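J.: This is the structure I have questions about; it appears just below.
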Amino acid sequence: MLIYTTMTINSFLLNQKLYIYCLICILCLCVLNGCYSFTGGSIPEHLKTINISSVSDNSGYGNPAYREVLFQKLVSKFQRDNTLKLVDRAGDARLSVSIKSIRDEMQTVKPGELESERKISVSCEAEYYDAVKKKVIWKRSFSNYEVYDLANAMTERDRAISKAIDQTTDDILLAVVSGW
């Protein structure tokens, strides 16, 4: 009888601890859910419009089309996001982006093997400026890479650069709308 009573008390206490832990977790989730938002939570209230300056290419890579690709993807993503209204000039905020480097690097190759893949890295610098308060909100570097197959090198390299640029524009948009 003593063993049964001890097991019942222990079981009761474990269930009480579990109940308290669950209650604390639920309260924490409720508090955090009320404090955090994924969309537009950290854009200053006075910023309603944004102007995206033409992208400059300081990479020396030799293909001027990439700056236009980056610019068009930024414009498209900001239009779809619609957190800030995109304007041609005189926005409440301004986003300036420049391509700093595009590097084509060899992947790890073991002795005796032929190179079959390469890695392309795209690095950009962006500045998010508050034109109303006349101050820089942030200035950051963004970098992404993509691996491509050498079997069809020219086409695959362009695809890899486009994908790295696409990832970079996602990162820039997220930095603007979330403040990260």
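The values are calculated or read from the model by the stated rules, or taken from the named source; none is laboratory data. These figures come from a predicted structure and were not determined experimentally. Cβ sites come from the backbone with ideal geometry, for glycine too, and all protein chains shown count toward neighbours. Heavy atoms of the whole protein, side chains included, go into the accessibility calculation; ligands, DNA and RNA do not. Shrake-Rupley method; radii C 1.70, N 1.55, O 1.52, S 1.80 Å.
J.: Tell me the residue from Arg89, Arg80 that is touching a residue at least 12 places away in the same chain (Cβ under 8 Å), open to solvent by 60 Å² or more (accessible area, probe 1.4 Å) and under 28 Å from Val177 (Cβ atoms), please.
T.: Checking each option against the conditions leaves just Arg89.
J.: Return the pair list, or none, for Cβ contacts closer than 6 Å from residues in the range 148-161 that are under 14 Å from Tyr66 (Cα atoms) to residues that are open to solvent by 30 Å² or more (accessible area, probe 1.4 Å), at least 6 apart or on different chains.
T.: Close Cβ pairs satisfying both conditions: Ala160/Glu146.
J.: From the list Lys119, Lys73, pick out the single residue that is open to solvent by 20 Å² or more (accessible area, probe 1.4 Å), out of contact with any Pro (no Cβ under 8 Å at 6 or more places or on another chain) and under 13 Å from Leu173 (Cβ atoms).
T.: Checking each option against the conditions leaves just Lys73.
J.: OK, next. Going by what's in this entry, would Val177 be described as of a type outside the set (Phe, Trp, Tyr), surrounded by 13 or more Cβ atoms within 10 Å (Cβ to Cβ), part of a strand (DSSP E or B) and touching a residue at least 12 places away in the same chain (Cβ under 8 Å)?
T.: no
J.: While we're looking at this one, here's another question. If we scan the range 90-98, do we find a residue that is over 17 Å from Ile43 (Cα atoms) and in a loop (DSSP other than H, G, I, E, B)?
T.: Yes.
J.: Here's another thing I want to ask about it. Restricting to the range 122-136, name every residue that is touching a residue at least 60 places away in the same chain (Cβ under 8 Å) and open to solvent by 50 Å² or more (accessible area, probe 1.4 Å).
T.: Val132, Lys133
J.: Does Ile161 satisfy the condition of being assigned to a helix (DSSP H, G or I) and either within 10 Å of the chain's Cα centre (by Cα) or at pLDDT below 95 (or both)?
T.: no
Conditions tested, residue by residue: (1) out of contact with any strand residue (DSSP E or B) (no Cβ under 6 Å at 6 or more places or on another chain); (2) in a strand (DSSP E or B); (3) within 26 Å of Thr49 (Cα to Cα); (4) of a type in the set (Phe, Trp, Tyr).
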{"position": "Lys73", "(1), (2), (3), (4)": "yes, no, yes, no"}
{"position": "Thr108", "(1), (2), (3), (4)": "yes, no, no, no"}
{"position": "Gly112", "(1), (2), (3), (4)": "yes, no, no, no"}
{"position": "Tyr129", "(1), (2), (3), (4)": "no, yes, yes, yes"}
{"position": "Val136", "(1), (2), (3), (4)": "no, yes, yes, no"}
{"position": "Lys139", "(1), (2), (3), (4)": "no, yes, yes, no"}
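One line per residue, one yes/no per condition, for (1) at pLDDT 95 or above; (2) of a type outside the set (A, V, I, L, M, F, W, C); (3) surrounded by 18 or more Cβ atoms within 10 Å (Cβ to Cβ); (4) under 15 Å from Ile172 (Cα atoms):
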| residue | (1), (2), (3), (4) |
| --- | --- |
| Ile26 | no, no, no, no |
| Asn51 | yes, yes, yes, yes |
| Ala65 | no, no, no, no |
| Ser101 | yes, yes, no, no |
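J.: Follow-up. Is it the case that the range 142-152 has a residue that's in a strand (DSSP E or B), farther than 26 Å from Lys85 by Cα, open to solvent by less than 20 Å² (accessible area, probe 1.4 Å) and not hydrophobic (A, V, I, L, M, F, W, C)?
T.: Looking through the range 142-152, at least one residue is in a strand (DSSP E or B), farther than 26 Å from Lys85 by Cα, open to solvent by less than 20 Å² (accessible area, probe 1.4 Å) and not hydrophobic (A, V, I, L, M, F, W, C).
J.: I'd like to verify a number: residues in the range 153-165 that are open to solvent by less than 60 Å² (accessible area, probe 1.4 Å) and either β-branched (Val, Ile, Thr) or closer than 27 Å to Ser42 by Cα (or both), how many?
T.: 3
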